[in-house]
1. Checking ILE400 against (1) at pLDDT below 95; (2) of a type in the set (Val, Ile, Thr); (3) closer than 27 Å to GLU48 by Cα: exactly one of these is not met. Which one?
2. Which one of the conditions (1) at pLDDT 90 or above; (2) crowded, with 21+ Cβ neighbours inside 10 Å does SER303 fail to meet, given that it meets all the rest?
3. From the list ALA79, ALA60, which one is touching a strand residue (DSSP E or B) at 6+ places or on another chain (Cβ under 6 Å), within 30 Å of PHE395 (Cβ to Cβ) and either open to solvent by less than 50 Å² (accessible area, probe 1.4 Å) or β-branched (Val, Ile, Thr) (or both)?
4. Would you be able to tell me the number of residues in the stretch 275-295 that are open to solvent by less than 10 Å² (accessible area, probe 1.4 Å) and within 19 Å of HIS374 (Cα to Cα)?
5. Quick one: would you say GLY388 is over 23 Å from GLY72 (Cβ atoms) and either in a loop (DSSP other than H, G, I, E, B) or open to solvent by less than 30 Å² (accessible area, probe 1.4 Å) (or both)?
6. Taking the options ASP35, ASP43, name whichever one is open to solvent by 90 Å² or more (accessible area, probe 1.4 Å) and more than 20 Å from ILE270 (Cα to Cα).
Amino acid sequence: MRDYVEIGIGREARRAYNLRDIGIVPARRTRSSKDVDLSWHIDAYTFEIPFASHPTDALASPEFVIEMGKQGGLGVINAEGLWGRHADLDEAIVKVIAAKLNADDTGKRSTSAEDSAVKTLQELHAAPLNHDLLSERIAQVRDSGITVAVRVSPQNARELAPVVVKAGAEILFIQGEIISAEHVQEGGEPLNLKEFIGSLDVPVIAGGVADYTTALHLMRSGAAGIIVGQGTTTSGSALGIGTHMATQIADAAAARREYLDETEGRYVHIIADGGIHTSGDIARAVACGADAVMLGTALASASEAAAYGYYWQAQAAHPRFPRGIIKNTSSSFSFGWGLDDADATQDVLSNLRENSPSLKTILHGPSTSTWGGHNLAGGLRRVMAKCGYTDIKSFQKVDITVSG
């Protein structure tokens, strides 16, 4: 039964829950973690772990995407990011970080460092998209032998989907902060996802969604998977959009049950994106009904990540209304301020990369971290074993509690 509270005369609101409000309840039976299978099967593709990386340039260097695939996950490329706009991808990334680190004339930390970094990011994204450069880089990843996943926005899906599929994309993400089954824009033809997905030869994962109705509509559009959540943005402050992930995932799982009955067995995967930083968060998301999770800040400190431990989402580069924080996620290194010289900045960043954990360590360990930030797959495997489950789908039935 849904829980509604009165927030004033004549106005009610539904009570919703974050992942950290949820607790997982162990059962009487336990198993060995060696018996737990974390594999994720979507369409014709199989992954050893149910983790995808968020499609941001802060993560997705070609090296990162390839390594993500080698470690059993799915690295996602942003077709509308810096990959197809700048031949020297690393130089563009360093410009963003240098803007974040700049000092003002007094030598003290600038109070507008965030604005300066976002402005630099917007300027870099203003460069025209070079389809040949984008295709070349996608082909580079495809040649490595891993599964290639590429994200396009709903607004540009018609134009870019054929380009990235031709270049080698095997899974297409149609992802925006908020998405619907039919994207309507004034003066243009609406994007009907059901028709569009039906015209493609590759599986489509679409999102993000935040409610039962939209999740069901996207499932009916033919998507192989839907993304629940909006990642880690400033949309709560900027737009007032709530990010109660536990409730959102559970609602999407309810929509999936209805769609399963409706289609007599077509299963649509739920990928949770937002508020997921540790192995405990991943376990809570699966317990609420997710089949996989999309990781952003949790992977940003990896030595293979493009932005040297810094992280931002694609929304931070929006030309008119950016939403996202450009932040340092590394706890192992502290920057000084006043790094105006490009060579000095590069030296500091190279030092940071050398002292960062590998993507393998973050995903598979071994770990010296006690809070669940490393060996994410091992942490998920362990909690499933402690609760007596050996696969993702069965763990979605684990007993949970709620606080507050």
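The values are calculated or read from the model by the stated rules, or taken from the named source; none is laboratory data. Everything numeric in this text was worked out from a predicted model, so none of it was measured. Here the Cβ is made from the backbone with ideal geometry for all residues, glycine too, and neighbour counts use every protein chain on show. Accessible surface areas use protein heavy atoms only, side chains included; no ligands, DNA or RNA. Shrake-Rupley method; radii C 1.70, N 1.55, O 1.52, S 1.80 Å.
1. (1)
2. Just one mismatch for SER303, condition (2).
3. ALA60 is the lone residue from the list that is touching a strand residue (DSSP E or B) at 6+ places or on another chain (Cβ under 6 Å), within 30 Å of PHE395 (Cβ to Cβ) and either open to solvent by less than 50 Å² (accessible area, probe 1.4 Å) or β-branched (Val, Ile, Thr) (or both).
4. Of the residues in that region, 10 qualify.
5. So GLY388 fits the description; yes.
6. ASP35 is the lone residue from the list that is open to solvent by 90 Å² or more (accessible area, probe 1.4 Å) and more than 20 Å from ILE270 (Cα to Cα).
Residue by residue, here is whether (1) modelled with pLDDT of 90 or more; (2) touching a helix residue (DSSP H, G or I) at 6+ places or on another chain (Cβ under 8 Å); (3) aromatic (Phe, Trp, Tyr); (4) not in a helix (DSSP H, G or I) holds:
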{"position": "ARG2", "(1), (2), (3), (4)": "no, no, no, yes"}
{"position": "ALA27", "(1), (2), (3), (4)": "no, no, no, yes"}
{"position": "GLU67", "(1), (2), (3), (4)": "yes, yes, no, no"}
{"position": "ARG85", "(1), (2), (3), (4)": "yes, yes, no, yes"}
{"position": "LYS95", "(1), (2), (3), (4)": "yes, yes, no, no"}
{"position": "THR106", "(1), (2), (3), (4)": "no, no, no, yes"}
{"position": "THR111", "(1), (2), (3), (4)": "no, no, no, yes"}
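So that you can scan it fast, the table gives a plain yes or no per residue for (1) at pLDDT below 95; (2) in contact with a Phe, Trp or Tyr (Cβ under 9 Å, 6 or more places away or on another chain); (3) surrounded by fewer than 18 Cβ atoms within 10 Å (Cβ to Cβ); (4) of a type outside the set (Lys, Arg):
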position: VAL148; (1), (2), (3), (4): no, no, no, yes
position: GLN155; (1), (2), (3), (4): yes, no, yes, yes
position: ARG158; (1), (2), (3), (4): yes, yes, yes, no
position: ILE178; (1), (2), (3), (4): yes, no, yes, yes
position: SER199; (1), (2), (3), (4): yes, no, yes, yes
position: HIS217; (1), (2), (3), (4): yes, no, no, yes
position: GLY231; (1), (2), (3), (4): yes, no, no, yes
position: MET245; (1), (2), (3), (4): yes, yes, no, yes
